[in-house]
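Contents: one structure, followed by commentary.
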Amino acid sequence: MLRYANWRLALIYALIFIATLAGITLLIRITNCQVARSCMEQGIWFIALLGLAATVAVTLYVTAARTIELEKLGEMARRVAGGDYSARILPRSTGEAAELTRAVNDMADSLRNELRRYSDANQQLAIVLQNTADGVLITDELGRVLLMNPAASRMLTYDERKAVGRSFAEVVRRHQIIDLWQVCRNEGREAVAAVEFDRNLFIQAFVTPFEEKGTRGFLVILQDLTQVRFLQTVRRDFISNISHELRTPLASLRAIIETLQDGALQETELAVRFLNRADGEIDTMTQMVEELLELARIESGEVPLQMAETNVRELVQIPFERLQSQADRRGVILSLDVPDDLPHVLADAERMHRVVSNLLHNAIKFTDAGGSVRVAAYAEGEAPVDVTILVHDNGVGIADEDIDRIFERFYKSDRARTRGMGGTGLGLAIARHLVEAHGGRILVSSKEGKGTTFYFTIPTVSAVGSSDVIVDSTL
């Protein structure tokens, strides 16, 4: 307790007291007042009033100084409470007031540092939530949404700013996820389920209970597995398709061998016919294997491209003339529309012939007798960046549900329709990879029963910045 005593103040009061006593003693010794009682009383009152006035003056001074410091402390506390964590007071005295001032300053420093650390951690968490690919929601025990990040907003097509405070069921609007949340709440354990929103969105949902400061809540994680599911579907279909494509020629070969073993080998004409058929089936499987190997090399980047400045008409006319006889046999009319003044492109002519041939072959194959197939090329703008080549037919068309998958390996939109028409189902996949290797894009538009149009682009020489020099490139 003594460490908080103000010795200077005590000394001042002691001096006032001593001065008062000295004054009274001096007054008593004055000759004129020793006999006159009234004079002595007046003197004593005078000296006492002087001592009292000095005491009051010292008290007011000390009180005023302390009041000013307390007011400054109060003002600083209000500034800190208002968010100004830089507010400070310089102690102007010593003792307990100065210690209190320093303690308040230290408290403000500590509070600022803690809030800074909390703000940094909160900002890092906000960055993670804002940029994570997984959807995140937090709800309370009653099912009110407390937090929702942008990924969850995109998946659920619900504004994250409007979601806070709304019911979980209103925001999610999927009974499978709502039921999952109910299971987690009732059983107090993590619940997991896969939910298919539509054809373009497949979600795996996790609902986990947590408790903080006696308050129970639920963390909901939504993982978009659409691409993973798509790849699994492609892999499954690839295995199924290649098995189907190999099964047919293998079954045919087995039938031929068994027929020959049963005696057909003795009949020369019949044996020759069966052997020719076997040779055709072997050619089909050989073509399939070669195209698979080529596609694998293209996808792995092991196919060299001989890039050179090339006339667009040359890219189109050679495969056009090559397939003219096939179109004539099917009764399909071919037409070519390629202006002579198109800018030259940078391309591997042989590879581009393969692309045009694949597209043109499919167009002829799926167009009935009397139909037409048109091959055209054009470039837009005064200084075109790309030349667009298109193959249009008025054949059977492609169903809407198949449009997104026709460039997959072995994918065929209608097996019943393509039966007996040949083909491995790899042509469009190879065409897509070759076009993309040239820096272009390949697109398709179709209406079932009306026809199909395939477009692909090739960069012009001026856009690439090349000349007549041959460029060695690799897919």
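We did not get these values from a lab; they are worked out from the coordinates using the rules stated. The structure displayed is predicted, hence computed values, not measured ones. A quick note on method: Cβ atoms are made from the backbone with ideal geometry, for glycine too, and the neighbour counts reach across all protein chains shown.
Structure summary
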{"item": "Extension gain (nm, one decimal) between ARG102 and ALA19, 0.36 nm per residue minus Cα-Cα", "result": "26.2 nm"}
{"item": "Kirkwood-Stokes translational diffusion coefficient of the stretch 100-211, alpha-carbon pairs, 4 °C, 1.567 mPa s, µm²/s", "result": "80 µm²/s"}
{"item": "Approximate spin-label separation ALA251-ASP120, in nm, with each point projected 7 Å along Cα-to-Cβ", "result": "7.0 nm"}
{"item": "Principal axis dimensions, the stretch 204-269 - Cα atoms, whole angstrom, descending", "result": "92, 18, 6"}
{"item": "Inter-site label distance for LEU70 and HIS175 at 7 Å from Cα along Cβ, in nm", "result": "6.9 nm"}
{"item": "Distance histogram in 10 Å bins (all Cα pairs of the stretch 291-341, percent per bin)", "result": "20, 28, 34, 18"}
{"item": "Among 230-241, 201-212, 364-375, 426-437, the order from most to least packed when residues are scored by Cβ within 10 Å on average", "result": "426-437, 364-375, 201-212, 230-241"}
{"item": "At R0 = 60 Å, FRET efficiency that the Cβ-Cβ distance of GLU314 and ASP84 yields, to 0.05", "result": "0.20"}
{"item": "Along principal axes, Cα extents of the stretch 151-237, largest first, whole Å", "result": "51, 29, 20"}
{"item": "ARG189 paired with ASP341, simple spin-label distance in nm, labels 7 Å along Cα-to-beta-carbon", "result": "7.7 nm"}
{"item": "Cα radius of gyration and Dmax for the stretch 208-324 (Å)", "result": "27.3, 93"}
{"item": "Additional length obtainable on full extension of the chain from GLU267 to SER462, 0.36 nm per residue less Cα span", "result": "63.7 nm"}
{"item": "Proximal aspartates and glutamates relative to LYS450, as straight alpha-carbon distance under 12 Å, when same-chain residues fewer than 8 apart are discounted", "result": "ASP368, ASP393"}
